[in-house]
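This report concerns only the one structure given below.
The values are calculated or read from the model by the stated rules, or taken from the named source; none is laboratory data. On a predicted model such as this, the values are computed, not experimentally measured, just so you know. When we count neighbours, we look across all protein chains shown, and the Cβ atoms used for this are built from the backbone with ideal geometry, even at glycine.
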Amino acid sequence: MKAMILAAGRGERMRPLTDHTPKPLLQVGGKPLIVWHIENLAKAGFKEIVINHAHLGAQIEFALGNGAQWGLSIQYSPEVLALETAGGIANALNLLGEQPFLVVNGDTFMDIDFGLLKFAPSHLAHLVMVNNPPQHLQGDFAYQDGMLVSEGEPKLTFSGVGIYQPNLFAAIVRGQPAKLAPILRDAIGKCLISAEHFQGVWHDIGTPARLHDLDTELNLMTKKATK
C-alpha cells in the first residue's frame, strides 16, 4: 500500500511562521511536523510515499529528498496553486496507482500505528475519527457501529487520516480544485464509508499557539525519557 502526505496548504493561520517556511516543515520536538509522519510510516512498513506541495514546495523537496534516509521512496506531486484536499489527491492518482492508499494530513501530529490501517475494511473509504478538540466541538461526522452515517450521535472529528479507493475521486478533473467534505458526505449517505475511533494522541496544528504547546509537550517527554 502506498501513502500520501498532504502538504500543499498555505497555512494562513500560521503566519508569519509560514511566510518563509512551508507549514509541514515547521518544527516540533526537534524535527519537522512532516518528518514525524514519515518516520511513523517507515516504521509501519510503508515503502512508497507521495507528497503534494504548492506554497514553498521546493523547500519540502530539498529537505526530504527521495526518502532514502528513511529507507523508502518519496515522489512529489507539485501544484501551481493548491488544489484543496480532494483535488490534490486526484492530481496525484497517477502516482498512487489503482489499489487503495493511505492519506495523512501533513499538519497534524498523532501516535497511531499506520500499519494497522492496512487491514481496514474495504469500503470506498475508511476514516480515522478522533474525539472533538476544543476548537471543533461540533465534530464532523456521525459514527455508529464502525460506519459513518448522515445523522446521529456521537459526532466525531475527522483526524485527516484515511484509506481511500481511487475511484472515490474518479469524477474530479485532474488539476482542478475540489474539496473532500462534499465527496465524503455523498458517500456517507450511501453507507460507503467505514471508520474507527482513535483515542490516542492527536493534535491539529492550526495556530502558532498549538504548535508551541505541542513543541513544549514533546520536549518535556524527551527530557523525562533521557533522565
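In a residue-by-residue description of segment 183-198, the property of being part of a strand (DSSP E or B), of a type in the set (A, V, I, L, M, F, W, C) and surrounded by 14 or more Cβ atoms within 10 Å (Cβ to Cβ) applies to at least one position. Summed over segment 167-182, residues that are closer than 19 Å to His126 by Cβ and part of a loop (DSSP other than H, G, I, E, B) total 2. Taking (1) part of a helix (DSSP H, G or I); (2) touching a residue at least 60 places away in the same chain (Cβ under 8 Å); (3) closer than 20 Å to Lys31 by Cα in turn, Arg210 satisfies each apart from (2).
Residue by residue through segment 134-166, note down the ones that are closer than 19 Å to Leu6 by Cβ, touching a strand residue (DSSP E or B) at 6+ places or on another chain (Cβ under 6 Å) and in a loop (DSSP other than H, G, I, E, B). Asp140, the sole residue that qualifies. Restricting Gly106, Gly162 to residues that are touching a His at 6+ places or on another chain (Cβ under 8 Å), closer than 18 Å to Asn40 by Cα and modelled with pLDDT of 95 or more narrows the list to Gly162. Scanning segment 150-182 for residues that are of a type in the set (Val, Ile, Thr) and either in contact with a helix residue (DSSP H, G or I) (Cβ under 6 Å, 6 or more places away or on another chain) or surrounded by 16 or more Cβ atoms within 10 Å (Cβ to Cβ) (or both) yields Thr157, Val161, Ile163, Ile172. The set of residues from segment 15-38 being in a helix (DSSP H, G or I), farther than 18 Å from Gly65 by Cβ and touching a helix residue (DSSP H, G or I) at 6+ places or on another chain (Cβ under 8 Å) comprises Leu17, Thr18, Lys23.
Listed here are the residues, each with its yes/no results for (1) part of a helix (DSSP H, G or I); (2) out of contact with any Asp or Glu (no Cβ under 7 Å at 6 or more places or on another chain); (3) surrounded by fewer than 21 Cβ atoms within 10 Å (Cβ to Cβ).
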{"position": "Met1", "(1), (2), (3)": "no, yes, yes"}
{"position": "Met4", "(1), (2), (3)": "no, yes, no"}
{"position": "Arg10", "(1), (2), (3)": "no, yes, yes"}
{"position": "Arg13", "(1), (2), (3)": "yes, yes, yes"}
{"position": "Asn40", "(1), (2), (3)": "yes, yes, yes"}
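Residues in segment 5-32 that are of a type in the set (A, V, I, L, M, F, W, C) and touching a Ser or Thr at 6+ places or on another chain (Cβ under 8 Å) were compared, and the one that is modelled with the lowest pLDDT is Met14. Listed by first and then second residue, the pairs linking a residue in segment 99-116 that is charged (D, E, K, R) to a residue that is not in a strand (DSSP E or B), with Cβ atoms under 6 Å apart and 6 or more places separating them unless they lie on different chains, are Asp107/Lys23; Asp107/Ile205; Asp111/Gly200; Asp111/Val201. Output yes when any residue across segment 64-76 is surrounded by fewer than 22 Cβ atoms within 10 Å (Cβ to Cβ), in contact with a Ser or Thr (Cβ under 9 Å, 6 or more places away or on another chain) and free of Cβ contacts under 8 Å to residues at least 40 places away in the same chain, and no when none is. For segment 64-76, residues surrounded by fewer than 22 Cβ atoms within 10 Å (Cβ to Cβ), in contact with a Ser or Thr (Cβ under 9 Å, 6 or more places away or on another chain) and free of Cβ contacts under 8 Å to residues at least 40 places away in the same chain: present.
Scoring Ala120 on the criteria (1) aliphatic (A, V, I, L, M); (2) buried (at least 20 other Cβ atoms within 10 Å of the Cβ); (3) modelled with pLDDT under 90 leaves a single failure, condition (2). Residues considered: Ile112, Ile60. Of these, the only one that is touching a Phe, Trp or Tyr at 6+ places or on another chain (Cβ under 8 Å) and either more than 16 Å from Phe198 (Cβ to Cβ) or surrounded by fewer than 19 Cβ atoms within 10 Å (Cβ to Cβ) (or both) is Ile60.
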